[in-house]
1. Pop out the ³J(HN,Hα) list for the range 67-81 in order, Karplus 6.51 cos²θ - 1.76 cosθ + 1.60 with θ = phi - 60°, rounded to Hz; leave Gly and Pro as x.
2. Once amide H atoms are placed 1.01 Å from N in the peptide plane, what residues at a sequence separation of 5 or more from Ile47, or on another chain, have their amide H within under 5 Å of its amide H?
3. I'd like the Karplus ³J(HN,Hα) series for the range 42-54: coefficients 6.51, -1.76, 1.60, θ = phi - 60°, whole numbers in Hz, and an x wherever there's a Gly or Pro.
4. Pull up all non-local amide H partners of Ile77: gap of 5 or more, or a different chain, and H-to-H distance under 5 Å with H placed in the peptide plane.
5. Can you spot the aspartates and glutamates whose alpha carbon is less than 12 Å from Lys85's alpha carbon? Ignore those fewer than 8 places along the same chain.
Amino acid sequence: MASVCFIFPNSSQKLEASFTDDLTIRSVKQDLLAKHWPQGQISREKIDGLRFFCMGKELQDNQKLKDYSPPSPDVPIPIHVHIIKTSIEKPESHSDAKWCCSCQIF
């Protein structure tokens, strides 16, 4: 088992969880979103993806937790969570009713 401490951006919020060593980082991300997502963070529906960083390195989705060792055996693996938000804003188009264009020739 691997103990992990997730550190979230722009907050003092941390979350500790345990996973089997042979889980891939992709599976850990999916599990975090599905089962462990903390209250007070951006809603899951507004998330396009997650990026994990540990001790200055980005964790690759295809690697396993056992490929990353904690700084000390007594300390959980610190993982900084970077949230990629879904872009829900539509760009303005000329066909919108709000669009207005005017020209003046002097």
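Laboratory data are not the source of any read-out in this text; all were calculated from the coordinates shown. Fair warning: this is a prediction, and the values are worked out from it, not measured in the lab.
1. Along the range 67-81, the couplings run 6, 10, 9, x, x, 8, x, 8, 10, x, 5, x, 10, 7, 9 Hz.
2. Thr86
3. After applying 6.51 cos²θ - 1.76 cosθ + 1.60, I find 3, 5, 4, 5, 9, 9, 8, x, 10, 10, 10, 10, 9 Hz.
4. Ser3, Val4, Cys5
5. Cross-link targets: Glu45, Asp48.
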